[in-house]
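The next block holds one structure in the form of structure tokens; read it before the comments.
The values are calculated or read from the model by the stated rules, or taken from the named source; none is laboratory data. This is a predicted model, so every value here is computed, not measured. Note that we place each Cβ from the backbone using ideal geometry, even for glycine, and neighbour counts take in every protein chain shown.
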Amino acid sequence: MKRYLFALLSAILLSSGGSAQQIIRVAAQPGTEPYWTLLTAVYEDLGYKAVITEYPSERALAEVNSGRADAEAGRVVGELEDFPNLVYSSEPIINATLQAWARRGTAISISSPKDLKNYRIGTVRGIKLAELFAVSLSLSTIIAADEESLAKMLDAGRIDIALLTDIFLVSPVYKIGVLVDPDLVTMKAYHVFNKKYAFLIPKWDAVLRAMKADGRYQKLISGH
């Protein structure tokens with residue numbers, strides 16, 4: 001009798017375990033919350049439950065690189081050079097545009113990206129699009145730990161221009177700044193996986209392409 005009950009209990013446990021969704025841990029930069037619904041929906045189609053945790057920009061990549069997280073919300077090509085355990089998806093999740101913000105009330109005007117050489121530039125550690133852009137123009141930049149610190153530096157006059165990407169739909173910089181160049185450079189951003197989850201990339205890409213084709217993408221990606 002005991003042997004029968006044990007066998008029955010084991011069968012129930014195995015059955016319930018097989019039907020449970022596998023959890024995938026996703027790291028995300030601050031300000032990307034409007035895209036989390038899309039990420040969650042893609043993973044649901046793949047049979048995963050996405051648990052999304054917000055980290056500072058650089059740390060989000062480090063968490064995935066170490067394996068403490070499994071994937072990162074989205075990055076442009078060129079951001080992963082210092083993180084050998086990370087791989088990109090192939091289907092872009094969004095377009096990321098780098099923008100220049102000045103403190104309200106200042107008389108700063110930019111007619112071309114080269115004009116930035118005349119100003120003190122700040123950005124947030126880990127926003128690689130800004131870092132890559134600065135290198136391409138040989139710009140010297142002041143690096144802030146997070147967006148709150150960047151906003152304080154701009155407000156205090158320690159920097160003249162703050163560089164942020166438009167994936168940040170909410171930012172403290174926007175409260176004290178004015179947009180002086182809305183389109184410095186635009187690049188496609190891709191979902192990022194720890195390489196142990198590289199096997200998911202073809203399936204991820206297929207689901208995202210299907211969502212773009214049937215209109216679900218546009219409904220799920222808030223604010224875009």
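Within the stretch 193-200, one or more residues are part of a helix (DSSP H, G or I), within 22 Å of Asp70 (Cα to Cα) and touching a helix residue (DSSP H, G or I) at 6+ places or on another chain (Cβ under 8 Å).
Selection over the stretch 154-179 of residues that are assigned to a helix (DSSP H, G or I) and more than 23 Å from Lys114 (Cβ to Cβ) gives a count of 5. Return yes or no: is Asp146 more than 23 Å from Val77 (Cβ to Cβ), touching a Pro at 6+ places or on another chain (Cβ under 7 Å) and surrounded by fewer than 19 Cβ atoms within 10 Å (Cβ to Cβ)? Yes.
Being crowded, with 21+ Cβ neighbours inside 10 Å, in a loop (DSSP other than H, G, I, E, B) and out of contact with any strand residue (DSSP E or B) (no Cβ under 6 Å at 6 or more places or on another chain) narrows it down to one of Gly126, Gly105, Gly78, so name that one. Steps first, answer last, please.
Details: Gly105 fails: crowded, with 21+ Cβ neighbours inside 10 Å; Gly78 fails: crowded, with 21+ Cβ neighbours inside 10 Å.
Of the residues listed, the single one that is crowded, with 21+ Cβ neighbours inside 10 Å, in a loop (DSSP other than H, G, I, E, B) and out of contact with any strand residue (DSSP E or B) (no Cβ under 6 Å at 6 or more places or on another chain) is Gly126.
Looking for whichever is within 24 Å of the chain's Cα centre (by Cα), crowded, with 18+ Cβ neighbours inside 10 Å and over 20 Å from Leu61 (Cα atoms) here; the options are Leu163, Leu184, Leu179, Leu116. Which one fits?
On the way: Leu163 fails: over 20 Å from Leu61 (Cα atoms); Leu179 fails: crowded, with 18+ Cβ neighbours inside 10 Å; Leu116 fails: within 24 Å of the chain's Cα centre (by Cα).
Being within 24 Å of the chain's Cα centre (by Cα), crowded, with 18+ Cβ neighbours inside 10 Å and over 20 Å from Leu61 (Cα atoms) holds for just one of Leu163, Leu184, Leu179, Leu116, which is Leu184.
Checking the structure you have, find out if any residue of the stretch 76-85 is under 19 Å from Pro172 (Cβ atoms) and touching a residue at least 40 places away in the same chain (Cβ under 8 Å). No, the stretch 76-85 has no match at all.
Name every residue in the stretch 81-102 that is surrounded by fewer than 16 Cβ atoms within 10 Å (Cβ to Cβ) and either modelled with pLDDT under 90 or hydroxyl-bearing (Ser, Thr, Tyr) (or both), in order of residue number. Spell out how you get there, then give the answer.
The initial filter retains those residues of the stretch 81-102 that are surrounded by fewer than 16 Cβ atoms within 10 Å (Cβ to Cβ), namely 81-82, 84-85, 90, 95.
Within the stretch 81-102, Glu81, Asp82, Ser90, Asn95 qualify.
Only residues that are in contact (Cβ under 8 Å) with a residue 40 or more places away in the chain and either among the aliphatic types (A, V, I, L, M) or closer than 16 Å to Ile176 by Cβ (or both) were counted across the stretch 100-119, and they come to 9.
The residues of the stretch 37-56 that are out of contact with any helix residue (DSSP H, G or I) (no Cβ under 6 Å at 6 or more places or on another chain), assigned to a helix (DSSP H, G or I) and more than 17 Å from Asn194 (Cβ to Cβ), listed by number, are Thr40, Glu44.
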